[in-house]
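The values are calculated or read from the model by the stated rules, or taken from the named source; none is laboratory data. Since the structure is predicted, the reported quantities are computational estimates derived from the model, not experimental observations. Here the Cβ is made from the backbone with ideal geometry for all residues, glycine too, and neighbour counts use every protein chain on show. With ligands, DNA and RNA removed, areas are computed over all heavy atoms of the protein, side chains included. Shrake-Rupley method; radii C 1.70, N 1.55, O 1.52, S 1.80 Å.
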Amino acid sequence: MMAAPPVMSELETWWERNAPRWASDATDYIGSIWNEGAYGLTFGQIIMVVLIMGVAILIRGLFARTLVVWVTRWAAGSTTQIDDALVKAIATPLKIIPVVAGIYASIQVLDVDPAVELYASRIIQSVVTLTIFWSLSRATRMLEYVMSDVKRSLSGPAVDWMIKALQFILVALGLGAVAQQWGIAVAPLLAGLGVFGIAVGLGAQDLFRNLISGLLIIGEKRFVPGEWILVDDVVEGTVVRINFRSTLVRRFDQSPVYVPNSKLADAAVTNFTRMTHRRIKWAVGVEYSTTVEQLKAIRQEIEDWLMQDDRIAKPPEVALFVRVDAFNASSIDLLIYTFTKTTNWGEWLKIKEEFAYIVMDIIERNGAAFAFPSQTIYMDQSDPPEIMAPPDDKAPVKRVPGPDNRKVGAQGSTSDEASSDSERGEGEE
C-alpha cells in the first residue's frame, strides 16, 4: 500500500480524538468498505482508476473538439494542401495521447507488483511506439503534394505505389521497434522470414507475376485511373484503381470488375480516352435512278458542309473523304469518312445526329432518294398456264339425267349385258 501523506495522517489523528462515537464508527465502516475490493484491488483503487480514465476520456473529447478542430481550420486557411494532409493524417493518432496518459496515471496510483508494472510499462511503450509510426505512415500521404512534379513525370499510380511501399516500411519498422522493446531479437526473425519467404514465393508465383505486371503497366503508362479502356474478351470500362495484384475497372453498368494485372499486361489494350478525334464513317446508298449530275451535287454539298463546320477536323490534321464508293446490289453507295474535334461521346452523338439531318436534306433537295434492299423477279414461260375461273354462283346448275334402264336393251348394252341376253335367248329356243 502507498504511504499516506503527513497531512492525511494528522487529519486522521484529529478525527479520532474529536469526532463523535457514531461519526467515528461510520468512518471506520466506510473505511473498511473502501479497503475491501476484488482481484487484489481495493474499491478505493478501483474508483480512482475509473475516475482517472473518465477524466482522460473527457480530455480526449475536448482535445478532439478544440485543439484538433482549431488546427484543422488553421490548415484549411492556408494556400497549400500539405498542411491539410498532415493534420488529417495525425488527427486520429493524437486522440490516443490522453488515453495513454490516463493508463499511465492509473498504474502509478495502483500498488501493483513490480513485474506487473514492468509489463504494463512495456505495453504503454508499445502503444506509444505504434502510435508514432502509425502517425508517420499516415503522414506519408502529404507526399502526393510534395511529389507533384514526380507525379506528372511518372504517373499517379506510380507515386501511389511508392507511398504505399513507404507506409509498409514504416509499419514494419514500428513492429521491429516494439519487438526490441519486448526483448525479441529482430535479426534472427528476419532470417527466418527470408527462408519462409522463399517457400511462399515458390507457391505464390501468380501473386508476384501480377505484382510485376502492375509495375510494367505503371511504367509503360498504358492507362491511368479515370481512363476508358477495352481489353478484348476481358473487360471494357473506366479504370478506378491499379492495385498490387489487380486493377479495378468499373463497367458502364457501374458493376466493378477486378482484373489480374497479368491479363492486362499480356493483352492488347485499347485506350479510348487518349483518342485525339472521334470518327464518323457512313455508307449512304441512293437509288440507281439517280443521275450523275445529282450524285456530283450531293457529294459536293456534303463535303462543303463538312469543310465549313468548325466542329469537324480538317485535313491535313485528319482525313476527310466524301466519294462515290461502290455499286451495291440495290444502291449506289457514297462513302463519308470524317472526324470530329471532340472526343466526348455525348457531343459526338449530337454532331452525328445533326449531320444525319443535313445528309437527308441534301439528298431530298437534289431529287434523289435513299435506296433499300429489293429484288425483282422475272417469269418467262413458253406455254402460259391455264387460268381456271371459279363457277358463277348465280348461273343455274344443269343436271345430267341418268340412264333409263328400260331403254338400255333397245339402244345398246355393254358386252356383259349382251352376253347375258344371248344366253337368255338361247335358253328360250
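Residue-level analysis places GLU293 outside the set of residues that are surrounded by 14 or more Cβ atoms within 10 Å (Cβ to Cβ) and either among the aliphatic types (A, V, I, L, M) or farther than 30 Å from ASP206 by Cα (or both). For the residues VAL259, VAL235, VAL239, the requirement of being more than 25 Å from MET162 (Cα to Cα) and crowded, with 18+ Cβ neighbours inside 10 Å singles out VAL235.
In segment 53-96, how many residues are modelled with pLDDT under 70 and of a type in the set (Lys, Arg)? Residues meeting the conditions: 3. Is it the case that GLY192 is modelled with pLDDT of 70 or more and open to solvent by less than 80 Å² (accessible area, probe 1.4 Å)? It is false that GLY192 is modelled with pLDDT of 70 or more and open to solvent by less than 80 Å² (accessible area, probe 1.4 Å).
For segment 241-262, filtering for residues that are without any contact (Cβ under 8 Å) to a residue 40 or more places away in the chain and over 11 Å from the mean Cα position of the chain (by Cα) leaves 3. Filtering segment 302-358 to residues that are surrounded by fewer than 14 Cβ atoms within 10 Å (Cβ to Cβ), under 42 Å from the mean Cα position of the chain (by Cα) and part of a loop (DSSP other than H, G, I, E, B) leaves ASP310, PRO315, PRO316, GLU317, ALA319, ASN344. Consider segment 136-175 and keep the residues that are small (Gly, Ala, Ser) and surrounded by 15 or more Cβ atoms within 10 Å (Cβ to Cβ). The one that is modelled with the lowest pLDDT is SER155. The residues listed here are ILE298, ILE280; of these, the one that is in the same structural domain as ALA356 (by the TED database) and assigned to a helix (DSSP H, G or I) is ILE298. Among the residues of segment 220-232, just one is at pLDDT below 90 and open to solvent by less than 30 Å² (accessible area, probe 1.4 Å), namely PHE223. Of all residues in segment 272-303, those being among the charged types (D, E, K, R) and in contact with a helix residue (DSSP H, G or I) (Cβ under 8 Å, 6 or more places away or on another chain) number 2.
Going through VAL109, VAL99, VAL178 one at a time, which residue ends up being open to solvent by less than 50 Å² (accessible area, probe 1.4 Å), closer than 28 Å to ILE57 by Cβ, at pLDDT below 75 and of a type in the set (A, V, I, L, M)?
Values: VAL99 fails: at pLDDT below 75; VAL178 fails: at pLDDT below 75.
Unique residue meeting the criteria: VAL109.
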